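Just below is one structure, and these are the notes that go with it.
Every number here is computed from the coordinates shown, using simple stated rules; none is lab data. The model shown is predicted, which means the values in this text are computed figures rather than measured ones. We place every Cβ from the backbone using ideal geometry, glycine too, and count neighbours over all the protein chains shown.
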Amino acid sequence: NEILNKKKDLQDKTIIITAGPTREPIDPVRFISNHSTGKMGYAIAEKAAERGAKVYLISGPTALKAPKGVRLISVNSAKDMQRRIMEHFDEAQIIIKSAAVADYAPAVAHDQKIKKKDENLTIELVKNPDILYELGKIKGDKILVGFAMETQNLIENAKEKVLKKNLDFIVANDLFTEGAGFATDTNIVKIIDRGGNIESVPKMSKHQLADLILDRVMYLQQLGEV
Ligand code: CTP
Ligand code: CA
C-alpha cells in the first residue's frame with residue numbers, strides 16, 4: 001500500500017528542524033525579534049514525525065504546541081539556537097532551517113532595565129552568526145535546506161543564498177504575495193536547487209508544503225545513496 005509506505009519513509013532518519021523567530025535581548029524586559037509564527041517549521045516537524053523520523057524541533061518562542069512525537073527544544077537567541085543545533089548535528093542526516101533568525105543582536109544585553117532618559121536612544125547592534133552558512137561549511141553528505149523570505153528579487157537572492165550557504169535547496173517565498181508569508185496557513189513558494197532549477201509550487205497549505213519539501217529531501221537522499 002503506497003500511502004502506508006509513504007507514511008513511514010523517514011523511519012531511519014534523524015532530522016533537525018528550526019522554527020520561529022529568535023529573540024535578541026536588549027535588557028531583562030525587551031528584545032529584538034520578527035514576525036515569524038513558526039507555523040511552517042512546526043508543520044514540517046509534524047509531517048516528518050508522522051513519516052517516522054526522529055525529529056528535533058529547535059524553536060524560538062511561538063504560540064504553537066509541540067507536534068506529536070517531536071522532541072521540542074525551546075531557545076531564545078540565535079546563539080542559543082546554534083548551540084542546540086550543534087548538540088544534535090552529528091546524529092542528523094537532514095537539517096531544515098525554517099527559523100527566522102535575527103541577523104543582528106544588541107551589542108550588550110543590559111543587566112538592568114534601561115530607564116527612559118534622553119530624547120534619543122541608540123542601541124548598537126552586532127551581526128549574529130549565520131547559522132546556516134556555518135552548517136554549510138561542515139555539512140558533508142547531510143541534506144541541508146534553507147528558507148528565504150524576500151520582498152524583492154526573490155529568485156536572484158534565493159539562488160545566491162543556495163550557493164553561498166552550500167544548501168541542497170532553498171524554499172523561497174515573497175512576503176508581498178497574497179497567501180504567502182508569516183501568519184498565513186498557506187504558502188506559495190519556489191524551490192530552487194544548486195543547479196539553479198526552479199520549481200514553482202502552487203498555493204497550498206503549510207502542511208501540504210511540508211510533505212512536498214520532505215518528498216524533495218527524500219528524493220535527494222535516495223540519489224545520494226545510489
Ligand atoms: N539564517 C541563519 N542564520 C542567520 C540568518 C539566516 O541560519 N543569522 C538562515 C535562515 O534560517 C534561513 C536562511 O538562512 O534558512 C535564509 O535567511 P534569510 O534571512 O533569507 O537570509 P540572510 O542570509 O540572513 O540574508 P538577508 O536577510 O540579508 O536577505
Ligand atoms: Ca536575514
Would you mind checking the pairs K8/K97; K115/K165; K13/K161; K97/K117; K8/K139; K68/K113 and listing those with alpha carbons more than 31 angstrom apart?
-> K115/K165; K97/K117; K68/K113
21 Å tail of the calculated P(r), the chain, as % of Cα pairs | 56
For the stretch 125-226, what is the percent of antiparallel DSSP beta bridges, rounded to the nearest 5?
-> 65
Evaluated at 10 °C and 1.306 mPa s, the Stokes-Einstein D of the stretch 89-146 based on the Kirkwood radius over Cα pairs, in µm²/s, stands at 109
Restricting to Cα pairs under 8 Å and 6 or more apart, the percent relative contact order of the chain works out to 19
Please name whichever of V226, G69, Q93 sits farthest to the positive end of the charge dipole of the chain, dipole taken about the Cα centre and charges placed at Cβ: Lys and Arg +1, Asp and Glu -1.
-> G69
Whole-percent tail of the Cα-Cα distance distribution for the stretch 1-64, cut at 16 Å, equals 54
Along principal axes, largest first, the alpha-carbon spread of the stretch 127-226 in whole Å comes out as 37, 35, 22
DSSP beta bridge pairing in the stretch 29-173, given as percent antiparallel to the nearest 5 | 20
Once you have the Cα-Cα distance between R71 and I198, take 0.36 nm times their residue separation minus that, and quote the gain in nm to one decimal.
-> 42.5 nm
Which whole-angstrom value gives the distance between the alpha carbon centres of the stretch 124-164 and the stretch 46-97?
-> 18
At a Förster radius of 22 Å, what calculated FRET efficiency corresponds to the Cβ-Cβ distance of T62 and E87, to the nearest 0.05?
-> 0.60
What does the highest-first list of 103-113, 189-199, 207-217, 39-49 look like by mean Cβ count within 10 Å?
-> 39-49, 207-217, 189-199, 103-113
How many percent of DSSP beta bridges within the stretch 12-72 run antiparallel, rounded to 5?
-> 25
Stretch gain in nm, segment E134-N120, where the contour uses 0.36 nm per residue and the Cα spacing is subtracted | 1.4 nm
Under the definition of Cα pairs under 8 Å and six or more residues apart, what whole-number percent is the relative contact order of the stretch 119-214?
-> 20
Inter-probe distance in nm under a simple model that places probes 7 Å from Cα toward Cβ, at D215 and L175 = 3.0
